[in-house]
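Down below is the structure, laid out as structure tokens.
The values are calculated or read from the model by the stated rules, or taken from the named source; none is laboratory data. Owing to the predicted nature of the structure, the values given are computational and were not obtained by experimental measurement. Neighbour counts are summed over all protein chains in view; Cβ atoms, including those assigned to glycine, are modelled from backbone coordinates with ideal geometry.
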Amino acid sequence: MIAWDDLAVGATLPAREYGPLTLTDFVRYQGASGDFNPIHHDAAFARAAGFPEPFSVGMLQAGILGSYATDLFGAANVRRFAVSFREQVWAGDVLECSGEVTDRHEDGERRVDLRLEVRRRDGGTAIRGEATFVVP
Amino acid sequence: MVDRSAIGTTDDGYTMEVERGKIREFARATKSADPAYLDDPAPVIPPTFLTTQQFWSTPGAGVFSKVKMDLKRLLHGGQEYVFHGPPPAAGTRLHVRTRVEDIYEKEGSRGGTMTFVISVTEFRDDDGRLVAEARSTAIETARPPVEGGAS
């Protein structure tokens with residue numbers, strides 16, 4: 001885990017890649033989350049809705065970003081985690097998670113505010129995120 | 001057509017059990033190998049785990065049935081979770097209630113009106129203490145979504 005002294009405002013977090021994602025990853029997440037929208041696994045349904053093929057569940061890449069952050073800061077330490085969805089993610093995409101410290105607080109308990117991002121390799125931003133973690 | 005009179009309405013609420021096996025399944029599905037999720041006998045939940053609330057609600061009974069959004073034009077714009085202390089751990093029972101916080105319209109960048117529906121879900125423990133809150137932004141687009149939009 002990252003030490004408080006390494007978390008100056010503007011410090012960047014070590015980036016990490018996930019994937020390439022597969023249709024099986026989408027299905028596995030749908031089973032785990034309870035979101036069974038067929039647009040994420042049924043090719044005929046996706047095409048009928050105007051898409052070339054099924055695309056990932058936004059909350060899957062959000063969850064991967066959550067795993068990236070809790071691996072760095074600890075599962076019990078998250079206090080806020082927010083995402084906004086940009087580009088869709090497709091089977092075959094490799095995702096790069098990265099982040100930066102935007103603020104830090106020492107009133108009472110030590111906390112850091114983070115800006116987070118999921119980028120598609122060879123593509124654009126899939127998710128912009130923000131998080132707050134306690135740093136024990 | 002989205003019904004703006006739905007602002008302020010709440011669902012009937014329901015109870016959700018936080019379970020170790022679901023946490024393990026969810027952690028693996030979101031590519032975490034953290035023993036805090038996989039090996040701890042009473043793991044805390046991952047940051048986005050409360051999305052599994054949909055396993056506990058009654059289909060068709062949620063606030064979205066009152067908002068009357070067109071599901072073919074529905075996008076998930078964003079999601080936020082706030083935890084008032086460490087995230088709840090396996091074995092916790094959560095009392096869940098969702099309200100429609102706001103509904104507003106915006107002109108889309110590709111033309112057409114987009115409608116934004118903001119819903120807030122509160123998760124309380126058996127003592128009534130507010131453990132976590134979720135804020136969700138749903139978007140009804142002017143036409144079915146196209147590649148490059150939100151997911």
Subset tally (residues that are surrounded by 12 or more Cβ atoms within 10 Å (Cβ to Cβ) and on the phi > 0 side of the Ramachandran plot) for the range B:88-117: 1
Out of the range B:88-113, which residues are in a loop (DSSP other than H, G, I, E, B) and under 17 Å from B:D127 (Cβ atoms)? B:P88, B:G91, B:T92
Residues of the range A:9-43 satisfying the condition of being modelled with pLDDT under 95 and more than 21 Å from A:S84 (Cα to Cα): A:P38
Being within 10 Å of chain A (Cβ to nearest Cβ) and in contact with a strand residue (DSSP E or B) (Cβ under 9 Å, 6 or more places away or on another chain) narrows it down to one of B:T30, B:T48, B:T115, so name that one. B:T48
Consider B:G85 carefully, then state whether it is facing chain A (nearest Cβ under 9 Å), part of a loop (DSSP other than H, G, I, E, B) and surrounded by fewer than 20 Cβ atoms within 10 Å (Cβ to Cβ). yes
Restricting the search to the range A:34-62, which residues are at the interface with another protein chain (Cβ under 7 Å from one of its Cβ atoms), out of contact with any Asp or Glu (no Cβ under 8 Å at 6 or more places or on another chain) and within 22 Å of A:E96 (Cα to Cα)? A:F55, A:G58, A:A62
Looking at the structure I just gave you, is A:R119 more than 8 Å from chain B (Cβ to nearest Cβ) and under 24 Å from B:V131 (Cβ atoms)? no
Reported set for the range A:74-105 where residues are among the hydrophobic types (A, V, I, L, M, F, W, C) and surrounded by 23 or more Cβ atoms within 10 Å (Cβ to Cβ) is A:A75, A:V78, A:F81, A:V83, A:F85, A:V89, A:L95, A:C97
Suppose we filter A:L95, A:L23 for residues that are closer than 28 Å to B:P87 by Cα and either more than 9 Å from chain B (Cβ to nearest Cβ) or out of contact with any helix residue (DSSP H, G or I) (no Cβ under 8 Å at 6 or more places or on another chain) (or both); which single one remains? A:L95
With (1) facing chain A (nearest Cβ under 7 Å); (2) in contact with a helix residue (DSSP H, G or I) (Cβ under 7 Å, 6 or more places away or on another chain); (3) exposed (fewer than 15 other Cβ atoms within 10 Å of the Cβ) as the list, and B:L38 as the residue in question, which single condition is left unmet? (1)
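So that you can scan it fast, the table gives a plain yes or no per residue for (1) among the aliphatic types (A, V, I, L, M); (2) more than 15 Å from the chain's Cα centre (by Cα); (3) over 24 Å from B:T137 (Cβ atoms):
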| position | (1), (2), (3) |
| --- | --- |
| A:G50 | no, yes, no |
| A:T70 | no, no, no |
| A:F73 | no, no, yes |
| A:N77 | no, yes, yes |
| A:E100 | no, no, no |
| A:G129 | no, no, no |
